[in-house]
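Notes for the one structure printed next.
None of the figures in this text is laboratory data; all of them are computed from the coordinates on show. All figures in this text were calculated on a predicted structure; none of them were measured in a lab. Neighbour counts run over all protein chains shown; Cβ positions are idealised from the backbone, glycine included.
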Amino acid sequence: MTTGGQAGKVAAGRGGERLAALERQAVELATTPGWIDRPQPIFWSEPRSVFQPAHWSYLEIRGALEEAAGLVDLSLAERRILALRNPFAANNFATTRTLSCSYQYMLPGEMASTHRHASHALRVMLDARGTYSIVDGVRMPMETGDIVLTPGGCWHGHGHDGDEPACWVDGLDIPLTHLLEPMFFEAYPQRHMAASSWADVSPFRFRADDIAGRLDAAVAQPDGLSGPRIDLTSAQMPSMGIAVERLGAGIGTRRQRSTASRCVVVMAGEGESKVGECTFPWRRGDTFAVPGWVWYEHLARSDAQLFELSDEPVMKMCGYWRHEAA
Ligand SMILES: [Fe+2]
C-alpha cells in the first residue's frame, strides 16, 4: 500500500520530514491520510457511471439462443440464458450498476430446475404459450405479455407445456446483492419442486390483459415526462422500480435524467431512444440500458409499450434521488 505522500505540500522543513514519517506510519496502521492526492478520488462533482448506454437486439439474441437449445441440455444446466453484459472491460454480467437482465429460452417439454436466491427477480414474457413458473409450490402461468415477479428467497422453477419455443427477459438485482454482499443461493434438493396448488391470479403475476386495462385507464404526464404509465413496484421486492409505459405512434418523451439506472424492455412497437450520445432504434423484444445520470428520451414510431426496471426505490430510500428534465 502507498499513500502517495504529500508531506512537502503540507509542511516544510523538519515538519515535512515528520509528516512523511507519519504517512509511513499511516500505511502501517492500514489507514490513508485525508490530505493526500489519491489515484482514485473519493468525491466527484456529479455521477459518472462506468456503465454505458447499451442496446441488445431480441432478433439476434433469440437466434443465438435457438442455436444454444441444440447444444445446451437444460436437464444439466441451471438456466439457458444469455446475460446482457454492459460492454466495459471489467464487467462480467451486470447490465447496470444494480441490475442484471438476461434472455431465457425454453423448448416445449423442458423444465428449469428449482432454486432460490437472495436476489429479487422478475420475468417479462416476450413469446411464451404454455409456460409456467412454480413459486413456493404455487404454479402460475407465464404467457406472452405477462410480467411475473419472484421475490428473493422464494423457491422457483419453470416449465413449458406449450408447442413452440418460449423466450423472455429475466430482470434481477444481482449486482446490488453483490454490492451489499447478502447473497444466498440454494438448489432444491430434489431438483424440481412439484406444484401443490395452481393459481391463475396472483399478486406476483400481472397478466397481459390486466396491464393493458390499467394502461387504458392511465393518462400521460402533462409535463411530457412519460406517456400513460403504471407502477407495478411490489413491497416484496423493494429494490426494484417496476413500470410499464405506453407511447402512441409519433409520441416522444422529454429529455430527462435521474440518479437511477434503468433497463427498458420493448414489449410492443418500434421506435428509438437517445441515451447519452447513442441513438438506439428498437423493436419488439429489444432491451436497452440507461445508466444513472445519463440523459435519455424515447420516441415511438408505432404504438409502443415499454417495460422499465430501475433502482429508483433504492435511490429514494438512500436519499440519493435526483431527477431533472430538459
Ligand atoms: Fe432464479
Handout entry: Net charge of neighbours whose Cβ lies under 9 Å from the Cβ of G159, counting Lys and Arg as +1 and Asp and Glu as -1
Key = -1
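Among L180, L19, which comes first, then next, by fewest other beta-carbon atoms within 10 Å?
Final ranking by Cβ density, sparse to dense: L180, L19.
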Fill in the blank from the handout: Other residues with Cβ under 13 Å from the Cβ of P313 give, with Lys and Arg +1 and Asp and Glu -1, a net charge of -3
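Please state the charge dipole magnitude for the chain, taken about the Cα centre, from unit charges on C-beta atoms (+1 on K and R, -1 on D and E), reported in debye and rounded to the nearest 20.
It works out to roughly 1100 debye.
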Handout entry: Extension gain (nm, one decimal) between E324 and Q40, 0.36 nm per residue minus Cα-Cα
Key = 99.5 nm
Practice task
Give the order of C167, C101, C278 when sorted by the count of other beta carbons within 10 angstrom, beginning with the fewest.
Solution key: C278, C167, C101
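Give me T31, T259 sorted ascending by neighbouring Cβ count inside 10 Å, so fewest comes first.
Lowest to highest Cβ neighbour count: T31, T259.
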Completion exercise
Ordered by number, the chymotrypsin sites (Phe, Trp or Tyr not before Pro) in the range 175-238 that occupy a DSSP loop and have at most 12 other Cβ atoms within 10 Å are F184
Exercise for the section: Only helical DSSP H runs with n ≥ 4 go in: add -39500 (n - 2.57) per run for the chain, normalise by residue count and round the 222 nm mean residue ellipticity to 500 deg cm²/dmol. Expected result: -5000 deg cm²/dmol
Exercise for the section: List the residues whose amide H sits under 5 Å from the amide H of R139, counting only those 5 or more places along or on another chain, with H placed 1.01 Å from N in the peptide plane. Expected result: S196, S197, W198, A199
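One quarter of the convex hull surface, Cα atoms only: what value does that give for the chain in nm²? Don't jump to the answer; show the numbers that get you there.
Working: hull surface 81.8 nm².
Seen from a random direction, the Cα hull of the chain projects 20.5 nm² on average.
Counting alpha carbon pairs within less than 8 Å and at least 6 residues apart, what relative contact order, in whole percent, applies to the chain?
With pairs under 8 Å counted, the relative contact order is 16 percent.
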